[in-house]
Structures are given as C-alpha cells and as structure tokens.
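Readers should treat all values here as calculations from the given coordinates under stated rules, not as data from a laboratory. Just so we're clear, the structure is a prediction, and the values are computed from it rather than from any experiment. Cβ placement follows ideal geometry from the backbone for every residue including glycine, while neighbour counts extend to all protein chains displayed.
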Amino acid sequence: MRRGEPAEQEIWRTTSPDGNSQNIIFNEVCSRPAGTDHSDWREIGEAPSHEELNELWDSARTTLAVVEPDGSFDAWMANLSEAEKPAEGLRGPYDTPAGDGMTNLLKYALGLKPMTPSADAAPVAISDGGYLAIELEQSRNAGAQLKLEGSSNLTEWHEIPAHEEIIAPDLSDNRERLRLISDHKIDDPPKYFLRVRVHCLE
C-alpha cells in the first residue's frame with residue numbers, strides 16, 4: 001500500500017481462526033466483509049513496520065467506516081449476548097419471552113432487550129394540541145419503521161396519516177423520543193383508538 005492513496009483502498013482488521021492474533025489487511029474497495037471471500041484481495045508486498053501498522057489502524061478506526069452493520073431483526077437477535085437471548089423457540093418476532101406483553105419485534109424497533117421486562121417503556125397515548133398522538137422511544141439503528149393505525153371498534157384497524165416529531169434526538173443507547181400525531185381530534189365522537197405497527201424495512 002502506498003501512502004497518499006487512502007481513497008482507493010480499505011482496511012480490515014481480522015482475527016485469526018485460532019483467535020490468538022489479529023491482522024490488518026488491505027483490499028480493493030468492495031462491499032464484502034473481511035473473512036468471506038478473498039478472491040478480490042491483493043498482496044501488499046513487504047509487510048509494514050509495527051509503527052506503520054499502528055498508524056494505519058489508528059487511521060482506520062477514526063476515518064473508515066468499513067462495514068455497514070446489518071440492521072435486520074435476525075441480525076439483532078443473533079448478535080445479542082447469550083445472557084440477553086431468549087430461550088430457543090422464543091426468538092421469533094412475535095414471541096414475548098419477558099412476559100411483559102411486548103413482542104421481540106417491538107423491542108427491536110424500540111431499542112430494548114427481549115429478556116428485560118419493559119412494560120414501562122411501551123408506547124403511550126397522549127394529546128398533542130387537542131389531537132390523539134402516541135409517544136415512544138425508538139432505536140435509531142433498527143431497520144424498522146413505525147406506522148400509526150386507528151380504529152373505532154378495536155376490531156377493524158387501518159393505517160392513518162401521522163405527523164412525526166422527534167422530541168428528544170439524542171438519548172442513550174442510540175435511541176430517540178418520537179411522537180406520532182394523528183389527524184383525529186381527541187374530543188371528536190365516536191371513540192377512537194390508536195396503535196403502532198412495526199414494519200421491517202429489510
């Protein structure tokens with residue numbers, strides 16, 4: 001690798017199969033994560049010195065976003081620690097392993113842990129300027145979109161227009177507080193009910 005050519009190459013940091021060492025590998029710009037396909041990797045000739053490796057790795061950590069994280073529900077579940085994962089058979093999107101009435105899919109969208117009881121973090125219905133609204137905290141990393149649905153009888157539901165307003169953009173754990181405001185006035189008859197549906201984007 002030549003100095004002055006950072007835009008033409010990417011840097012991967014990998015761990016050896018036995019887990020005992022780590023390597024820095026340079027390859028042509030591509031979308032493949034390290035370790036999956038070596039066909040387009042090229043040799044860099046003489047190995048850089050220890051000082052050069054440290055310099056390059058420091059640069060990689062601060063300036064290169066090499067791999068985009070997979071934001072899918074399955075990847076989220078797979079990447080949980082063993083202590084955080086539900087038991088086998090309770091890892092589906094509609095399972096409620098914590099017994100709090102909140103599905104794994106909803107917790108994924110809200111940035112919550114599936115095994116942590118989180119009923120107090122469920123979406124809540126509020127009034128915003130006299131209009132029915134729902135307020136909640138959502139994950140900024142999840143590949144999901146929250147849609148507002150309405151019903152006058154709790155049986156037939158349909159998606160309704162909603163104005164989205166970010167109330168608090170920078171909460172802990174990459175979450176933000178969101179308000180979904182309907183066009184239904186709170187004092188309009190008949191009774192009207194709201195709910196949130198999670199739509200996966202991937």
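Report yes if some residue within the stretch 135-157 is part of a strand (DSSP E or B), more than 23 Å from the chain's Cα centre (by Cα) and among the aromatic types (F, W, Y); otherwise report no.
Applying the first criterion (part of a strand (DSSP E or B)) to the stretch 135-157 yields 135-139, 144-151.
Going one step further and asking which of them are more than 23 Å from the chain's Cα centre (by Cα), we end up with 150-151.
Those still in the list that are among the aromatic types (F, W, Y) too: none.
No, the conditions are met nowhere in the stretch 135-157.
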Residue list for the stretch 182-196, filter: farther than 14 Å from E156 by Cα and surrounded by fewer than 16 Cβ atoms within 10 Å (Cβ to Cβ)
D183, K185, I186, D187, D188, P189, P190
Just to be sure I understand the filter: pairs with C-beta atoms under 6 Å, separated by 6 or more residues or on different chains, first member in the stretch 72-94 and under 13 Å from K107 (Cα atoms), second member of a type in the set (K, R) and surrounded by 11 or more Cβ atoms within 10 Å (Cβ to Cβ). Which pairs pass?
M77/R91; E84/K113
Does G111 qualify as being small (G, A, S) and on the phi > 0 side of the Ramachandran plot?
yes
For the stretch 167-182, check the following and say yes or no: at least one residue is more than 25 Å from A75 (Cβ to Cβ) and more than 25 Å from the chain's Cα centre (by Cα).
yes
Only one of R197, R179 that is closer than 19 Å to Y94 by Cβ and not aromatic (F, W, Y)
R197
